[in-house]
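Please read the structure below before turning to the comments.
The values are calculated or read from the model by the stated rules, or taken from the named source; none is laboratory data. Since we're looking at a predicted model, the values are computed, not measured. For neighbour counting, all protein chains shown are included, and Cβ atoms are generated from backbone atoms with ideal geometry for every residue, glycine included. Areas reflect the complete protein model, heavy atoms only, side chains present, ligands, DNA and RNA absent. Shrake-Rupley method; radii C 1.70, N 1.55, O 1.52, S 1.80 Å.
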Amino acid sequence: MNLERLDSLSVWVIDLDIPAYLDVEYLQGIHVTNSVLWLDAVRENDLSFWSHALSDPILPHHKILLTKTTAALMRKGKRKAKTLICPYHRRFTLGDLDIELFPSGYMPGSAQVRLTRENNRLVYTGPFRLDGLGHDDIPILECDTLVIWAEYADARDQPDDFTHAESIIQWARQNLSSGTIPIFFTDTIGPTVRLTQLLTLAEIPIKMHVSMYRIIRKIDEIKSAHPKIRRFNPRTKDMDAIVLPLSARDTKSLTRLKRFAGAVVHTTTLNHNQPHSTPPPDFNAEVRFFLPMHATYRHQMQYVRCSKARKIQVAGPASDAFASELRAMGFNAWPLRPPIQLSLLAPLTTRSIPSQSL
């Protein structure tokens with residue numbers, strides 16, 4: 001801090017040498033202050049960055065900034081908005097903001113974004129994974145302000161990713177080797193894409209429901225890595241793993257398969273430490289598997305430390321708890337959440353203030 005006195009005016013000029021941070025605020029969504037840009041916004045606005053294809057705003061936006069793969073995976077009902085396709089690692093300007101997208105590892109096409117204004121950098125990770133399937137290098141971006149997505153509050157909450165992935169692969173291979181067709185049931189696009197990536201890397205042949213097949217064929221990195229993914233046809237007798245939507249678990253076409261075993265794949269579970277559990281007795285599946293999609297607590301901490309951010313804003317389910325833990329470690333960290341507003345009808349509490357003699 002520099003102090004300078006101007007004697008003729010009897011005032012002090014104080015230069016704090018504090019840079020003007022790029023910052024965000026929460027107004028029914030994350031908004032970049034002094035700009036038209038929103039981040040994974042859940043309210044209608046002029047321009048929103050979409051970090052991944054699972055973003056599902058309540059209202060359509062006028063313009064959406066996203067990657068080519070995310071645009072291909074968008075729901076048809078959301079395509080009324082004008083899409084601004086941006087590839088990774090290509091810097092462009094929006095007003096006084098420089099914008100650049102990087103892989104986030106969460107799912108195909110997912111991105112984190114770095115914004116720069118007058119040499120001040122803000123990074124929004126969105127949901128991310130540092131060990132994303134199909135990506136060799138998920139960068140940790142240095143910045144002044146970090147807006148990080150936190151799924152886990154501490155190390156006790158995080159699942160054992162390796163155990164869950166290995167359990168799925170082992171279950172599929174054991175059934176195939178015994179002449180039994182493994183069938184995976186998924187409920188949303190997220191576990192469908194991640195399961196396909198996992199089976200692809202394990203070189204397990206896959207057949208998919210036609211609705212899923214059309215989605216997966218839009219993802220270049222999966223299509224090129226495993227070009228022999230086929231549509232499910234119950235009349236064929238090939239020993240391939242089958243991926244079907246949860247709604248197809250009771251379909252009559254499954255009765256044409258002589259021997260099959262069913263498993264349900266979710267991205268959330270009540271017990272992270274249990275690789276699989278028994279489904280209800282009336283369910284057409286033997287086991288349930290949990291397939292994590294988010295960064296672990298260890299990777300959340302790794303990103304915070306390696307980003308060298310001086311200010312940290314935390315979004316996501318564990319925003320309050322993770323921000324509190326970061327502050328206990330000495331970080332300038334705060335949760336992103338709606339501002340607390342006092343009700344006009346709330347009773348006021350008053351107390352008398354003793355008078356003092358002057």
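List of remarks:
- Each residue in the stretch 62-81 was checked for being modelled with pLDDT of 85 or more and not in a loop (DSSP other than H, G, I, E, B), and 8 pass.
- Boolean, Val210 is at pLDDT 80 or above, open to solvent by 10 Å² or more (accessible area, probe 1.4 Å) and either within 18 Å of Pro292 (Cβ to Cβ) or touching a Lys or Arg at 6+ places or on another chain (Cβ under 8 Å) (or both): yes
- Residues in the stretch 104-124 that are open to solvent by less than 10 Å² (accessible area, probe 1.4 Å) and closer than 23 Å to Met74 by Cα: Ser104, Gly105, Met107, Pro108, Gly109, Ser110, Ala111, Gln112, Val113, Tyr124.
- Of all residues in the stretch 178-207, those that are open to solvent by less than 20 Å² (accessible area, probe 1.4 Å) and either of a type in the set (Gly, Ala, Ser) or under 18 Å from Leu54 (Cα atoms) (or both) total 10.
- You will find that of Leu59, Leu130, Leu115, Leu84, the residue that is among the hydrophobic types (A, V, I, L, M, F, W, C), over 26 Å from Ala309 (Cα atoms) and either outside any loop (DSSP other than H, G, I, E, B) or modelled with pLDDT of 80 or more (or both) is Leu84 and no other.
- Those residues of the stretch 243-285 which are more than 28 Å from Ser51 (Cβ to Cβ), in contact with a His (Cβ under 9 Å, 6 or more places away or on another chain) and modelled with pLDDT under 70, in sequence order: Pro275, His276
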